[in-house]
Number of protein chains: 2
Amino acid sequence: MVKKNIAILGSTGSVGTQTLEVARHDHNLNIVGLTTNTNIDLLEKQIIEFEPELVCVMNEQRALELSQRLAEKSIHVEVVSGLEGLIEVATLDNAHLVVTAVIGMIGLVPTVEAIKKGKHIALANKETLVAGGDIVMKLANAYNIPILPIDSEHSAIFQCLQGNKREEVSRYILTASGGPFRDFTYEQLQKVTVQDALKHPNWEMGSKITIDSATLMNKGLEVIEGKHLFNTSYDKIDVVVHRESIIHSMVEYRDGSTMAQLGYADMKVPIAYAIYYPNRQKANHAEKLDFCKLKSLTFEEPKRSLFPCLDLGYSALKTGGTMPAVLNAANEIAVESFLNKKISFLQIPKLIAKVMEKHTCISEPTLDEILYYDNWAREYSRKKVKESGTSHL
Amino acid sequence: MVKKNIAILGSTGSVGTQTLEVARHDHNLNIVGLTTNTNIDLLEKQIIEFEPELVCVMNEQRALELSQRLAEKSIHVEVVSGLEGLIEVATLDNAHLVVTAVIGMIGLVPTVEAIKKGKHIALANKETLVAGGDIVMKLANAYNIPILPIDSEHSAIFQCLQGNKREEVSRYILTASGGPFRDFTYEQLQKVTVQDALKHPNWEMGSKITIDSATLMNKGLEVIEGKHLFNTSYDKIDVVVHRESIIHSMVEYRDGSTMAQLGYADMKVPIAYAIYYPNRQKANHAEKLDFCKLKSLTFEEPKRSLFPCLDLGYSALKTGGTMPAVLNAANEIAVESFLNKKISFLQIPKLIAKVMEKHTCISEPTLDEILYYDNWAREYSRKKVKESGTSHL
């Protein structure tokens, strides 16, 4: 096998560290770039182990601190900082593949720049497609660059599409765990605390994505991403609640066949699929499904009225233009405000809906317009949170 | 789309009539040959509707009768008979695809001859691969002919392999309904009647295959077919009982992903997949899966000690050579004897095991040797049934 040079944007986060875990077991994977926001302790360890040529620390102060530490230990690696630094890592000359695992809108511009340099993209950053899907996919097509999804649902769909024609797809079926409150009544949801919401039934993740999972906004965002990744329309994407999270998603074809991808929850599987695509590398870490232990896989309708974030996602996708970016920005502020106990759980969708209502959508926006309205939505959301006090919006 | 000329061996049976049902809805599918054992009433209707150029009636007397009927109605189609006639249909000059849907060993030689003429094969005849798998697959490889499985389990696996590499497969997982007696105790199995055994929980089929489904021999035979179709070994094929028969089978890959093909039980779906491969034709007949109605998919271990036919299948495959042909022949006589109330349900595996024990396996047999030992196994099985009286073997 030929060596593959990989740059990881966001190497100290959950997807980043798991990508390095995959690389650790294959000397043909060569890490050329790493980045972190502020976690220079972990980044330093990663530098020592993987010997990249360039690293970026978003925070300038922390970047300087890391430089000094490395100098003291006579470790030679270039340290850059800020968005420009992030773009430098994303466009590293000898990188073949860029793993975009940063969180937030910061991932959008470096991904665009990486595509322009002909890098293949393994994408874990939601905002890139939610906010900039039209631009990014158009660019990827123009440069003939594959966008390889890392998200387990989209990886499942991507796998179910192999050896098939996209025009023969009749439906994309995203599975959802349903989150920790899938059995709650409206009355119970009124009393949900931050602590309750941070307990995911099937796995541990960062707090933002855990809340998104509890509100079903994660599925709303995935519907938008799926539209772009698979060049389809909102009415061809369905969501079904599947508590066991064993079927990661499915594709239904026009001949009556449905293809599904199954496995235990392990992000390393979709990460490795994106890295090695179209091959499947032997993974000793991957636990094989024991169907007899599984016993049963269940399915049910999502509770759309109790979890309106899912339909807000569909609605933003249907409107298109800048609306998905606004949805995403409002959701980020709503989740942040919930985590800071400024709004209640049920106020999350209310806040987002208010911001979406206020926004006058721009169709076919430029990257700058997307960034502008992203910023507007954040400001407006914060203002609404402030106005609301703690009891209502 | 280019016209596809199809010859159907066994057009009056279940798979045959469903193949014609698919052809009925697509004027690009052109039926050039049809065959039946004795059902000339249905064959006559099929001739009038599909206007083939050649038909075969295995029974010579019935063939003559059909010829006369057609002459009286001034319908011009050549009528042939017997194995030679069947081979004539299988090797029709302008046929692109031969659907082998006859029942029994009679399917083996025509399939071999069709491959030698470069015809693509859509295979529903178990015996072709169970008894002659080594010869047939070697020949198909030499002539670079695809063998397209029609059986829903093997079609599912074939679909799960698309876009993937066979050397990356870690396990083939055949699903089994478990048959009508999946919840029976040994005591209950002792009292099983022919009538009980002919009730399949999930669908209606011919009596032979329904009994095979009740004994789990159908899964034993499918394990052998799977070995040949997918060029693998017995220890890479697993069987899991899945009562709902929605997941038709699965392929597990070395990276930890498992791909599955799902759908309601409808033979027209795998038939159409084999006919249109690698495309998927829009099928208005195909009912879309309603996951919320499904509610739950279950899995459990097959009960190997209560249903020893499954392990007899593995054992014959492991031994190889003429043993699978002997297993198959003994099973046919055992099922026939059970249906004629000459042996009990639990005597079916006992009879087969006795015949297998008696057989001295020939490795790398010729086609003639396979046919010879097939015949030997039938004779010996009949003799054992006679000797046994009605109470024990």
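See the values below:
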{"quantity": "Test: residue in the range B:91-104 that is surrounded by fewer than 16 Cβ atoms within 10 Å (Cβ to Cβ) and more than 20 Å from B:Lys227 (Cα to Cα)", "calculated": "yes"}
{"quantity": "Residue list for the range A:287-332, restricted to those being modelled with pLDDT of 95 or more and at positive phi", "calculated": "A:Gly320, A:Gly321"}
{"quantity": "Segments classed as helices (runs of 4 or more DSSP H), wholly inside the range A:105-178, with at least 1 members that are more than 14 Å from every other protein chain (Cβ to nearest Cβ), open to solvent by 30 Å² or more (accessible area, probe 1.4 Å) and basic (Lys, Arg)", "calculated": "A:108-116, A:126-142"}
{"quantity": "Filtered residues of the range B:247-296 (kept if among the aliphatic types (A, V, I, L, M) and closer than 19 Å to A:Gln159 by Cβ)", "calculated": "B:Ile247, B:Met250, B:Val251, B:Met259, B:Ala260, B:Leu262, B:Leu289"}
{"quantity": "Set A:Glu252, A:Glu225: member being touching a residue at least 12 places away in the same chain (Cβ under 8 Å) and either away from chain B (no Cβ under 14 Å) or under 16 Å from the mean Cα position of the chain (by Cα) (or both)", "calculated": "A:Glu225"}
{"quantity": "The one condition in (1) touching a Phe, Trp or Tyr at 6+ places or on another chain (Cβ under 6 Å); (2) open to solvent by less than 10 Å² (accessible area, probe 1.4 Å); (3) more than 7 Å from chain A (Cβ to nearest Cβ) that B:Ile271 fails to fulfil", "calculated": "(1)"}
{"quantity": "All positions within the range B:280-302 that are more than 7 Å from chain A (Cβ to nearest Cβ) and buried (at least 18 other Cβ atoms within 10 Å of the Cβ)", "calculated": "B:Pro302"}
{"quantity": "Test for B:Ala353: is it out of contact with any Cys (no Cβ under 6 Å at 6 or more places or on another chain) and closer than 30 Å to B:Thr19 by Cβ", "calculated": "no"}
{"quantity": "Condition met for A:Tyr277 (in contact (Cβ under 8 Å) with a residue 40 or more places away in the chain, within 7 Å of chain B (Cβ to nearest Cβ) and either within 20 Å of B:Thr258 (Cα to Cα) or among the β-branched types (Val, Ile, Thr) (or both))", "calculated": "no"}
{"quantity": "Pairs with Cβ under 6 Å, 6+ apart, first in the range B:37-53 and at pLDDT 95 or above, second part of a helix (DSSP H, G or I) and not charged (D, E, K, R)", "calculated": "B:Ile40/B:Leu66"}
{"quantity": "Odd one out for A:Asn231 among (1) more than 27 Å from A:Ala197 (Cβ to Cβ); (2) more than 10 Å from chain B (Cβ to nearest Cβ); (3) touching a helix residue (DSSP H, G or I) at 6+ places or on another chain (Cβ under 6 Å); (4) open to solvent by 10 Å² or more (accessible area, probe 1.4 Å)", "calculated": "(3)"}
{"quantity": "Selection within the range A:332-374 - β-branched (Val, Ile, Thr) and open to solvent by 60 Å² or more (accessible area, probe 1.4 Å)", "calculated": "A:Thr360, A:Thr366"}
{"quantity": "Tally, over the range A:64-104, of residues that are part of a helix (DSSP H, G or I) and more than 19 Å from A:Ile271 (Cα to Cα)", "calculated": "17"}
{"quantity": "In the range B:1-43, the residues that are part of a helix (DSSP H, G or I) and crowded, with 19+ Cβ neighbours inside 10 Å", "calculated": "B:Val15, B:Gly16, B:Gln18, B:Thr19, B:Leu20, B:Val22, B:Ala23, B:Ile40, B:Leu43"}
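Rundown of residues vs (1) buried (at least 21 other Cβ atoms within 10 Å of the Cβ); (2) assigned by TED's automatic domain parsing to the domain that holds A:Lys165; (3) not acidic (Asp, Glu), yes/no style:
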site: A:Leu198; (1), (2), (3): no, yes, yes
site: A:Ile211; (1), (2), (3): yes, yes, yes
site: A:Val223; (1), (2), (3): yes, yes, yes
site: A:Lys227; (1), (2), (3): yes, yes, yes
site: A:Asp235; (1), (2), (3): no, yes, no
site: A:Arg254; (1), (2), (3): no, yes, yes
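The values are calculated or read from the model by the stated rules, or taken from the named source; none is laboratory data. On a predicted model such as this, the values are computed, not experimentally measured, just so you know. With ideal geometry, Cβ positions are generated from the backbone for all residues, glycine too; neighbour counts draw on all protein chains shown. Accessible surface is based on the protein model in full, side chains and every heavy atom, while ligands, DNA and RNA are left aside. Shrake-Rupley method; radii C 1.70, N 1.55, O 1.52, S 1.80 Å.
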